[in-house]
Every structure is written in structure tokens, then in C-alpha cells.
Amino acid sequence: MSRKYDRLGNLETEVSEVTSLLRDDVEKVVGRGERIGDLQDRTEDLSASSQEFRKAAVRVKRKACWQNCRLTCIIILVVATIIAVIVIVVVVEKPWDKSSDDHHKNSTLMIKRP
């Protein structure tokens, strides 16, 4: 009989050890599940943040493009204005035309006579 009790005691000890190991494993699995849940929440937050960043980056890129376009238009306008002024001055004065200078001198001399 004592053999049966010894054997029964050994079996109870083994069952107790296995039960303890299973409880530890279950606790580890639950802990992993919680960490996985935390990681999933962080992943969702990061995804939302990256989408917001992408939208902001597109807005900044568009704004910079418009500023560049405005600056280019202003530069073109200033250069065109300078060229127009130079052309007008050259066309009105006609420095290469001597006869217009002579005519101009004659007309001023006529005005001085009276």
C-alpha cells in the first residue's frame, strides 16, 4: 500500500508541477497579448501621424512652389520693364539718326529767333 501512496504522491507532485508550468505559460501568453495590443495601438497612432505628416508635407511643397512661381513672375516682370524702358528710350532718342538731331537743333534755333 505504501507503494501506491508513494506513487500517488509522485503523480500529485508531477501534476502540481505541470499545473504550475501551464499557469506560467498562460501568464506569459496573456502578457504577450497585452504587449501585442500595445504595439498595435502604437502602430495605429504612428500610421495616423504619418498620414498627417504627409498631408502637411504636400501643403508645404505647394506653398513653396507658389512662392517660387511668384518670385519668377516678379523677376520676369522687372526684366521686361527694364527692357521696355531701354527700348523706348532708344526709339525716342534715336542716337544713330543724325538728321533728327539736326532737325531738333534747327527747331530750337527757330524758337530762339523771334
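Which FRET efficiency, nearest 0.05, do I74 and D45 yield, Cβ-Cβ r, R0 35 Å? Kindly include the intermediate steps, with their values, before the conclusion.
Numbers: r = 43 Å, r/R0 = 1.24.
Approximately 0.20, to the nearest 0.05.
Need one number: nm distance between label points at K55 and E17, each 7 Å from Cα along Cα→Cβ, rounded to one decimal.
6.0
Give or take rounding to whole Å, what are the principal axis extents of the alpha carbon atoms in segment 1-81, in descending order?
On the principal axes, segment 1-81 reaches 118, 13, 6 Å in Cα extent.
Aspartates and glutamates near K4 by alpha-carbon distance under 19 Å, same-chain residues fewer than 8 away left out - which ones?
Once the sequence-local aspartates and glutamates are set aside, what remains near K4 is E12, E14.
Which chymotrypsin sites (Phe, Trp or Tyr not before Pro) in segment 16-101 sit in a loop by DSSP (not H, G, I, E or B) and have at most 16 other Cβ atoms within 10 Å of their own Cβ?
Values: sites: F53, W66, W96; in loops: W96.
Answer by residue number: W96.
A short reminder: the numbers here are calculations on the coordinates, not readings from a lab. The shown structure was predicted, so the numbers you read here are calculated from the model rather than taken from an experiment. Here Cβ is always computed from backbone atoms with ideal geometry, including for glycine, and neighbour counts include all displayed protein chains.
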